[in-house]
Structures are given as C-alpha cells and as structure tokens.
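J.: Supplied in structure tokens, the structure appears directly below.
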Amino acid sequence: MELTKEVEIYFFNHNIGTLDLRVTDGGWVYIKTTAKQPMFRYSIKSPELLQHDLGNNQWNDIWLGVRREQTALF
C-alpha cells in the first residue's frame, strides 16, 4: 500500500521522511517517519484525517484537504 497524495504532500511540505508503513486489520495505516515524534496514522475509511502520536496515547488531528460533511440521525 502507498500513502495517499494528501499525506505525501503534508510530509513533503514539513520535510518528513517515511521509514516504514504498515496496515492493521482494523483499517489503520501506521507510518513511522523521521520526525521527532515519529509515528503517524490515518484510517483507510477517513484518509483526510492524519493523526500524529504525541505520546501517552495522545493523537494530534491534522486535517488534510476538506473535511467530509457529517450527518447525524436524531
């Protein structure tokens, strides 16, 4: 599997290199990078949301492109 175009552009613009890539059975793509905090992830179901691991299971949301419109059932 390859990175999405949006993720590639984000990494290029922030001078972050990709070291390793793995896909879990749950549909998450984990990316090990050259960044100080090296782990990023995104869901195959929602690739416009890249998350950066800040440690202690805290993830920083990075929106790439336009967010999808969310609808709720009431």
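The values are calculated or read from the model by the stated rules, or taken from the named source; none is laboratory data. It should be emphasised that the depicted structure is a prediction, and the values quoted were computed from it without experimental measurement. Here the Cβ is made from the backbone with ideal geometry for all residues, glycine too, and neighbour counts use every protein chain on show. Accessible surface is based on the protein model in full, side chains and every heavy atom, while ligands, DNA and RNA are left aside. Shrake-Rupley method; radii C 1.70, N 1.55, O 1.52, S 1.80 Å.
J.: Longest segment of the chain with no trypsin sites (Lys or Arg not before Pro) in a DSSP loop having at most 11 other Cβ atoms within 10 Å? List each step's numbers first, then the result.
T.: On the way: sites that count: K36, K45, R67, R68.
For trypsin sites (Lys or Arg not before Pro) (loop position, at most 11 other Cβ atoms within 10 Å), the longest site-free span of the chain is 1-35.
J.: Counting only protein chains, not ligands or nucleic acids, how are T24, T34 ordered by accessible area (probe 1.4 Å), most first? It would help to have the intermediate numbers written out before the result.
T.: Details: T24 40, T34 85 Å².
Per-residue accessible area, sorted high to low, gives T34, T24.
J.: Something else now. Would you mind working out the magnitude of the charge dipole of the chain relative to its Cα centre, with +1 at each Lys and Arg C-beta and -1 at each Asp and Glu C-beta, to the nearest 20 Debye? Spell out each step's value before the answer.
T.: Details: 8 positive and 9 negative charges, 16 e Å.
Computed about the Cα centre, the dipole is about 80 debye.
J.: Carbon and sulfur atoms: what percent of the 1.4 Å accessible area of the chain do they account for? If you can, show how the numbers build up before the last one.
T.: Numbers: 2780 of 5660 Å².
Ligands and nucleic acids excluded, carbon and sulfur give 49 percent.
J.: Further, regarding this structure: Can you list, bin by bin at 5 Å, the percent of alpha carbon pairs in the chain, starting at 0?
T.: Reading the bins upward from 0: 3, 15, 27, 27, 16, 7, 3, 2, 1.
J.: For the chain, with every protein chain kept in place, what is the accessible area per residue (1.4 Å probe, Å²)? Please list the in-between numbers first.
T.: On the way: 5660 Å² over 74 residues.
About 76 Å² of surface per residue is accessible.
J.: Which sequence of I44, I62 reflects their accessible areas, 1.4 Å probe, from the largest down?
T.: Ranking I44, I62 by accessible area, largest first, yields I44, I62.
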